[in-house]
Amino acid sequence: MKCAPFDYVRAGSVEEVVKVLGEADGDGKILAGGQSLVPVLALRMARPSVLVDVNRIPGLARIRPVDGAVEVGALTRHSRLVEQTHHPLLAEAARWIGHTAIRSRGTTGGSIAHADPSAELPVVAAGVDATVTIAGPSGERTVAAEELFLGALLTSLDDGDMIVRVRFPLPTRWGFAEFARRHGDFALVTAVVAEIAGSLRITLGGVAAVPQRARAAEQIVADGGSAKDAARATADEIDPTADLHGSAPFRRAIAGEMVRRALAQVGIE
Amino acid sequence: MNISLSVNGERTQIDVEPRRTLADALREDCGLTGTHLGCEHGVCGACTVLVDGEPARACLMFAVQADGSSVTTVEGLEGTDGELHPLQEAFVAHHGLQCGFCTPGMLISALHLLDTEPDADRDKIREELSGNICRCTGYQGIVDAVQAAQGALAEPVTTPEASDE
Ligand SMILES: Cc1cc2nc3c(=O)[nH]c(=O)nc-3n(C[C@H](O)[C@H](O)[C@H](O)COP(=O)(O)OP(=O)(O)OC[C@H]3O[C@@H](n4cnc5c(N)ncnc54)[C@H](O)[C@@H]3O)c2cc1C
Ligand code: FES
Ligand code: FES
């Protein structure tokens, strides 16, 4: 339960991170909040030779409202997201992440890069059509969150890439509902309802390897259908896998109910 | 690597390997064995300490990351005269512990809660302590103790080093 040895670099700038990761040639890892990486190292599921600590890079923890959206620096701790008032959906979602001692260290960039299928921030990012700005060997680029998530714990980030900020559009209306076995546990199902540019998006976490849009349910709502019908459509259109924490039919039922609750928050009964 | 940190108000210099966790550094290099290690991967809460006033899992931080920080461990709770902190007194009085393994993490988490939310109700106390696992007490006594300490601490709690500075 102790990490294998590694070289430690305390980076002072994003450029330095990209340089060190490049030199490590696939054997380096960024260390942000450490709330997902350090357990992985302790269990020796990964043994990178270099850890690049990004915690002391200045200017990466800003939360900035920009027109119609809020820009969140990669190093923003979950606890700061809970406190901010610019993006109420983000604040609500962050409240559901783990416990105080996890939220005080864990970061937005780390959560998006880790891409846990049950994590809150990736669902919100996909749900509001967020864009992620990434620094890499050939400069900065911006990609849609939905394109970033490829699978469970799998993203389109290259070895030498670092997420620097995420731009979360502000929904005109939103709802958030989550079901977990115990307070602070990873979610069994998360449902995010967000009205972006006039259309209502329904996005689910925990039911597939990546955040999943409930498109049949969205169509029902767009056609003026009830939340109950949307919930039923959700349960039908997803294909959750069973595990220790819940059977597939149970997850379908919970997903439908979470969609119903999130829709109720935007006044759709 | 040589690092310098303030532990319970005392400047400390230690030489650690980068992979040394803060928890191991506190226990092995600083001789402060009050910080307990249960799971060593973030889930049990036994190793919870305050780093610059915010609760953190000491098993999920490397000591080198705490360079220049101030850390509060359970040893920092007692007064200079060795008197127990009101929270500790309440844990004793209300059966807040049996084997005591989870207690340091419980105390630190509760300390932070009472510091930031002195009027937290029972539900909030339970929510806040849900990140700390206890295999003995059934939690009832722990929550009772935190509520009793709220009464005893009419003044907002400050961490020992904050009041030293
Ligand atoms: C007990 C416990 C409970 C938890 N409960 C929840 C929960 O309910 N919901 C939830 O969402 N999360 C939960 N988490 C995880 C937590 O939210 C983590 O903070 C988050 O998943 C990762 O963020 P981090 O900053 O800690 O990243 P790290 O652990 O430092 O890094 C994670 C991964 O991302 C990479 N990385 C980090 N930053 C960047 C970046 N800027 N650019 C590119 N790559 C980067 C790292 O190299 C690593 O591979 C829990 C963790 C614990 C220990
Ligand atoms: S030992 Fe750190 S959380 Fe269990
Ligand atoms: S008192 Fe034994 S684990 Fe809590």
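The values are calculated or read from the model by the stated rules, or taken from the named source; none is laboratory data. Keep in mind the model is a prediction, meaning the values are calculated, not measured. Here the Cβ is made from the backbone with ideal geometry for all residues, glycine too, and neighbour counts use every protein chain on show. Ligands, DNA and RNA are stripped out before the accessible areas are found, and what is left, the full protein with its side chains, is counted by its heavy atoms. Shrake-Rupley method; radii C 1.70, N 1.55, O 1.52, S 1.80 Å.
For this structure, a couple of remarks:
- Note on A:Lys2: lysines with a C-alpha under 22 Å away, same-chain residues under 8 apart excluded, are A:Lys29.
- Point-to-point label distance, A:Leu43-B:Arg135, nm (Cα→Cβ direction, 7 Å offset): 1.9 nm
- Once both labels are positioned 7 Å from their Cα atoms along Cα-to-Cβ, the gap between B:Cys39 and B:Gln147 label points is 2.7 nm.
- Relative to the globular-protein estimate of 2.2 N^0.38 Å, the Cα radius of gyration of segment B:2-58 stands at 1.08.
- Solvent-accessible area, 1.4 Å probe, carbon plus sulfur percent, for segment B:15-165: 47 percent
- Most mobile listed residue (A:Ala42, A:Ala194, A:Ala11) in chain A, GNM with C-alpha springs under 10 Å: A:Ala42
- Computed with a 1.4 Å probe over protein heavy atoms only, the accessible surface of chain A comes to 42 Å² per residue.
- Taken one residue at a time, the phi angles of segment B:31-38 give Karplus couplings (6.51, -1.76, 1.60, θ = phi - 60°) of x, 9, 8, x, 6, 9, 10, x Hz. Gly and Pro are set to x.
- Charge tally for A:Ala69 (other residues, Cβ to Cβ under 12 Å; Lys, Arg +1; Asp, Glu -1): 0.
- Interface area, B with A, accessible, probe 1.4 Å, both sides summed, Å² nearest 100: 2400 Å²
- With 0.36 nm allotted per residue and the present C-alpha distance subtracted, the A:Ala197-A:Val143 stretch has 17.6 nm of extension available.
- Between A:Arg173 and A:Ala242, the simple spin-label model (points 7 angstrom out along Cα→Cβ) gives 3.8 nm.
- Shielded by partner chains, segment A:1-32 residues - at least 10 Å² of accessible area, 1.4 Å probe, vs chain alone: A:Met1, A:Lys2, A:Cys3, A:Pro5, A:Phe6, A:Tyr8, A:Arg10, A:Leu31
- For segment B:114-153, residues shielded by at least 20 square angstrom of accessible area compared with the chain on its own, probe 1.4 Å: B:Glu127, B:Glu128, B:Ser130, B:Gly131
- Here chain A is assigned +1 on the Cβ of each Lys and Arg and -1 on the Cβ of each Asp and Glu. Its dipole about the Cα centre then comes out at about 860 debye.
- Charge sum, other residues only, whose C-beta stays under 15 Å from A:Gly26's C-beta, Lys/Arg counted +1 and Asp/Glu -1: -4
- Charge tally in the Cβ shell below 13 Å around A:Val50, where Lys, Arg are +1 and Asp, Glu are -1, A:Val50 excluded: -2
- The gain in end-to-end length when the B:Glu54 to B:Arg126 segment is fully stretched comes to 24.1 nm, 0.36 nm per residue minus the alpha carbon separation.
- Extreme residue, positive dipole direction of chain A, given options A:Gly34, A:Ala227, A:Val166 (C-beta unit charges): A:Gly34
- Entry note, chain A: the mean residue ellipticity at 222 nm calculated from DSSP H runs of n ≥ 4, each adding -39500 (n - 2.57), is -9000 deg cm²/dmol after division by the residues and rounding to the nearest 500.
- Segment B:116-122 - phi-based ³J(HN,Hα) in whole Hz, Karplus 6.51/-1.76/1.60, Gly and Pro as x: 8, 9, x, 9, 3, 8, 4
- Volume per residue for segment B:86-154 equals 69 cubic angstrom (convex hull of Cα atoms).
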